[in-house]
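Below is one structure; the comments refer to it alone.
Each value in this text was obtained by applying a stated rule to the coordinates, not by laboratory testing. Since this is a predicted model, take the numbers as computed values, not measurements. So basically every Cβ, Gly included, is an ideal-geometry build from the backbone, and we count neighbours across all protein chains shown.
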Amino acid sequence: MIAASAHLGLQRPPNHHRSIFQPRRRPVRCGAERQALFSRIAPVYDSLNDVLSLGQHRIWKRMAVSWSGARDGNNVLDLCCGSGDLAFLLSEKVGPNGKVIGLDFSKEQLSVASSRQHSRSKACYNNIEWVEGNALELPFSDCYFDAITMGYGLRNVINFHKAMEEMYRVLKPSSKVSILDFNKSTDTFSASIQEWMIDNVVVPVANGYGLAEEYKYLKSSIQDFLTGSFFSLTNWMELEELALEVGFANSKHFEIGGGLMGNLVATR
Ligand SMILES: C/C(=C\Cc1cc(O)c2ccccc2c1O)CCC[C@H](C)CCC[C@H](C)CCCC(C)C
Ligand SMILES: C[S@@+](CC[C@H](N)C(=O)[O-])C[C@H]1O[C@@H](n2cnc3c(N)ncnc32)[C@H](O)[C@@H]1O
C-alpha cells in the first residue's frame, strides 16, 4: 500500500455555489469523522453489502465498470475503492498489460482490499496497487488515466464539486468516469421506499453489529446528495449538470436497481 501525501445557461441565485454543491440542512460529518466511520465498518462492510442488497450490489458494480469503458491494457483508477470490489472487476477488464490504482483514505478499508487481493489466486490481480489518499486532492498528474470508477464514493466526500474537478483533471481526453451511488430520487414514492428500507432493514441489521449510527448516516447522506438529472428548486445543480460544469463534454445519469441506485457516466 502506498501512502500519498499527498455551463449550463441556467439562472441561479448569486450564492448558488454553497447551496448547490453541499446542501447544509443538518450538521454534516467532517472528513475525519467520515474517515473514522468507514474504518469502523471495514471488517463487516463486504458481508453487510451482500446481505443487505441480496447480492445485487455485485451486478450494479459490474454495470459501473462496464460503463467506464475500461479496456485491455488501460491505466485506470478506482476512487474511494474501499475493500476493492470495483478495482477487482477493473483488474479483470484491463488484464496483465493494464494497471489499476485503488485509492481510499481509510487504511482499514485498504487493508481489507489488500488481503482480499492476496487471498485470490487470479494472476491479473497483480496489476492492482492500493494508494492511501484523498479523492479531493489526487496525487496524480493531469490526463493520466484511461478510465475512472467511483462506487458509493461521491456522496461521501465533503465537496462534490472538487471531487469532480479532480476526476476531470486526471482523466485523458475522450475518457470516461463512471460513478455508482444511491439514487436520490425526485419521485416521492421511490424516495420513501428507499428511506423505509434504510430505517426498517439496513439500520436494524447493522444494529446487530453495533453499527446502527454508522448506517443511519446513509439516509442523511442520500438526502444531502444530488439528484441524477431532474432540475428542481431545491437542487440547483444535479449530477449531470455538475459534470458539465467542471468541463466534461457530456454526461448521462442512469437509474438502476429499480431506481434505488444511479450511475453517472461522463466523458471528458
Ligand atoms: C451497496 C450497499 C451499500 C453500500 C454503502 C454505501 C455507503 O455510502 C455507506 C455509508 C455508510 C455505511 C455503509 C454504507 C454502505 O454499505 C447496500 C445497499 C442495500 C440497499 C439499501 C437495499 C437494497 C435492497 C434490495 C434487496 C435490492 C433489490 C433491488 C431490486 C432490483 C429492486
Ligand atoms: C461506501 S464505501 C464504498 C467502497 C467501494 N467503492 C464499494 O463500492 O464498495 C465509501 C468509501 O469512500 C472512502 N472515502 C470517502 N471519502 C473519501 C475521500 N475524500 N478520499 C478517499 N476516500 C474516501 C471511504 O473510506 C470508503 O472506503
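Annotations
- The chain - Rg (one decimal) and Dmax (whole number), Cα, Å: 17.6, 55
- Positive minus negative residues near residue 139 (Lys, Arg vs Asp, Glu; Cβ under 11 Å): -3
- Within the chain: Cβ-based charge dipole about Cα centre, in debye rounded to nearest 20 (Lys, Arg +1; Asp, Glu -1): 80
- Contact order relative to length of the stretch 62-133, as percent, for alpha carbon pairs under 8 angstrom and 6 or more apart: 33
- Charge sum, other residues only, whose C-beta stays under 14 Å from residue 75's C-beta, Lys/Arg counted +1 and Asp/Glu -1: 0
- Going by neighbour counts of Cβ atoms within 10 Å, the residues 267, 188, 149, 227 line up, fewest first, as 188, 267, 227, 149.
- Computed from the C-beta positions of residue 59 and residue 196, the FRET efficiency with R₀ = 22 Å rounds to 0.50.
- Amide H contacts of residue 99 (H built 1.01 Å from N, under 5 Å, at least 5 apart or other chain): 74, 75, 76
- Pairwise label distance in nanometres, residue 212 with residue 252, each label 7 Å out on the Cα-Cβ vector: 4.4
- A simple count of charges around residue 182, restricted to other residues whose Cβ falls under 13 Å of its Cβ and scoring Lys, Arg +1 and Asp, Glu -1, yields -1.
- Ranked by the mean number of other Cβ atoms within 10 Å per residue, highest first, peptides 199-211, 240-252 order as 240-252, 199-211.
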